[in-house]
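**Q** Structure in structure tokens, see below.
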Amino acid sequence: MKRFFSKPLFLIILAFILIPSSSIVITACVSNPYTGKSTMAFVDNDTLFASSFTQYKQFLNENTVVTGTAEAAMVTRVGNRIRMAAEKWAASEGQSHYLDKYQWEYTLVRSNEVNAWCMPGGKIVVYTGILPVTGDETGLAVVMGHEVAHALLNHGQQRVSASVLQELGASGISIFTGNQSKESQALAMTIYGAGSTVFGTLPFSRNHESEADRIGLYLLAIAGYNPEMSVNFWERMAALGGSGSPEFLSTHPSNTTRISDLKKWVPEARDKAVKIGIIP
């Protein structure tokens with residue numbers, strides 16, 4: 001996969017050749033105040049947020065939104081505390097403007113699925129099925145902090161960009177094997193698909209999950225919650241079981257890896273909160 005990213009100029013030129021200008025906006029890299037890193041951005045957030053907000057409204061129209069309950073009030077309360085933590089962090093970096101176009105919204109949806117998510121731009125959904133696992137407000141804050149971290153870190157934008165690169169790679173394979181037999185072309189595409197997934201998109205996703213764990217933990221502490229409780233939550237999640245796939249074939253780090261990392265990051269999260277003026 002390193003070779004695939006080793007010629008960015010070639011890929012950008014190829015993008016202009018193969019993809020209509022109306023379907024892709026290349027903005028090179030953007031700097032993130034929560035990590036200090038620059039990340040690829042082939043689609044700008046204005047485009048991504050607009051699409052995200054539309055999909056969010058459609059999702060709410062097609063599902064049962066829970067309102068007027070203690071659980072719904074807790075989702076809103078936790079969401080606001082995590083939002084304020086994100087704002088304090090960005091302000092401490094002198095980049096409050098980073099969140100200007102976010103439209104925060106926190107919704108509890110009735111579903112047995114053990115899940116929650118935050119779309120690019122700050123639209124958050126928590127499923128009722130995850131509440132027995134979160135257990136209390138701090139457990140819910142662990143989940144919402146993790147999901148908000150995905151949005152703040154522009155992981156959606158990066159995944160769209162990675163998909164563009166993967167499609168360009170597939171187009172390149174097709175071009176360079178165009179004069180070969182159909183069998184050779186099919187084999188080349190199969191090898192590329194497997195290789196780009198195992199060595200590219202899967203590690204990419206695992207890195208995103210780990211990054212969201214870490215930044216989410218920091219948000220948790222800045223919001224005034226006990227970051228140590230994140231370990232308890234993920235231990236409960238681990239107890240639910242999973243697919244059992246090897247970590248290198250998974251989009252998420254193993255529960256063992258995740259819990260071990262969180263234990264190491266708890267002191268860092270406390271330190272970050274203290275620097276911003278919070279005593280977690």
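The values are calculated or read from the model by the stated rules, or taken from the named source; none is laboratory data. All values reported here derive from a predicted model rather than from experimental measurement. For neighbour counting, all protein chains shown are included, and Cβ atoms are generated from backbone atoms with ideal geometry for every residue, glycine included. Protein only, heavy atoms only, side chains kept; ligands, DNA and RNA dropped before computing areas. Shrake-Rupley method; radii C 1.70, N 1.55, O 1.52, S 1.80 Å.
**Q** Which number in (1) within 24 Å of Ala86 (Cα to Cα); (2) modelled with pLDDT under 75; (3) in a loop (DSSP other than H, G, I, E, B) marks the one condition that Ile26 misses?
**A** It is condition (1) that Ile26 fails.
Residues are listed down the side, and each one gets a yes or a no for (1) surrounded by 21 or more Cβ atoms within 10 Å (Cβ to Cβ); (2) out of contact with any helix residue (DSSP H, G or I) (no Cβ under 8 Å at 6 or more places or on another chain):
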{"position": "Val78", "(1), (2)": "yes, no"}
{"position": "Ala91", "(1), (2)": "no, yes"}
{"position": "Thr107", "(1), (2)": "no, no"}
{"position": "Asn115", "(1), (2)": "no, no"}
{"position": "Val133", "(1), (2)": "no, no"}
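**Q** Something else now. Kindly provide the set of residues from the range 230-275 that are modelled with pLDDT of 75 or more, open to solvent by 40 Å² or more (accessible area, probe 1.4 Å) and β-branched (Val, Ile, Thr), ordered by number.
**A** Across the range 230-275, the qualifying residues are Thr256, Thr257, Val274.
**Q** Restricting the search to the range 126-155, which residues are part of a helix (DSSP H, G or I), without any contact (Cβ under 8 Å) to a residue 60 or more places away in the chain and within 17 Å of the chain's Cα centre (by Cα)?
**A** Ala151, His155
**Q** For the range 74-108, enumerate the residues that are free of Cβ contacts under 8 Å to residues at least 40 places away in the same chain, closer than 16 Å to Ile278 by Cβ and polar (S, T, N, Q).
**A** Asn80
**Q** So which pairs qualify, if the first residue must be in the range 253-272 and closer than 13 Å to Arg214 by Cβ, the second must be assigned to a helix (DSSP H, G or I) and among the basic types (Lys, Arg), the Cβ gap must be under 6 Å, and the two must be at least 6 apart or on different chains?
**A** Pairs that qualify, where the first residue is closer than 13 Å to Arg214 by Cβ and the partner is assigned to a helix (DSSP H, G or I) and among the basic types (Lys, Arg), are Pro253/Arg206; Trp265/Arg214.
**Q** Would you call Tyr34 outside any helix (DSSP H, G or I), open to solvent by less than 20 Å² (accessible area, probe 1.4 Å) and out of contact with any Ser or Thr (no Cβ under 6 Å at 6 or more places or on another chain)?
**A** Against the criterion (outside any helix (DSSP H, G or I), open to solvent by less than 20 Å² (accessible area, probe 1.4 Å) and out of contact with any Ser or Thr (no Cβ under 6 Å at 6 or more places or on another chain)), Tyr34 qualifies.
**Q** Right, another one. Would you mind stating whether Phe53 is at pLDDT below 95, in a helix (DSSP H, G or I) and either loosely packed, with under 15 Cβ neighbours inside 10 Å or in contact with a Pro (Cβ under 7 Å, 6 or more places away or on another chain) (or both)?
**A** no
**Q** Could you list, in sequence order, all residues of the range 253-280 that are out of contact with any Lys or Arg (no Cβ under 7 Å at 6 or more places or on another chain) and within 23 Å of Ala239 (Cβ to Cβ)?
**A** Ser254, Asn255, Thr256, Thr257, Arg258, Ile259, Ser260, Asp261, Leu262, Lys263, Lys264, Val266 - these are the residues of the range 253-280 that are out of contact with any Lys or Arg (no Cβ under 7 Å at 6 or more places or on another chain) and within 23 Å of Ala239 (Cβ to Cβ).
**Q** Filter the range 99-125 for residues that are of a type outside the set (D, E, K, R) and not in a strand (DSSP E or B) and give the result.
**A** Leu99, Tyr102, Gln103, Trp104, Ser111, Asn112, Val114, Asn115, Pro120, Gly121, Gly122
**Q** Tell me which residues, restricted to the range 100-125, are under 19 Å from the mean Cα position of the chain (by Cα), of a type in the set (Lys, Arg) and under 20 Å from Ala70 (Cβ atoms).
**A** Listed by number, the list is empty, since nothing qualifies.
**Q** Filter the range 104-122 down to residues that are charged (D, E, K, R) and within 20 Å of Ser51 (Cα to Cα), then give me how many there are.
**A** 1
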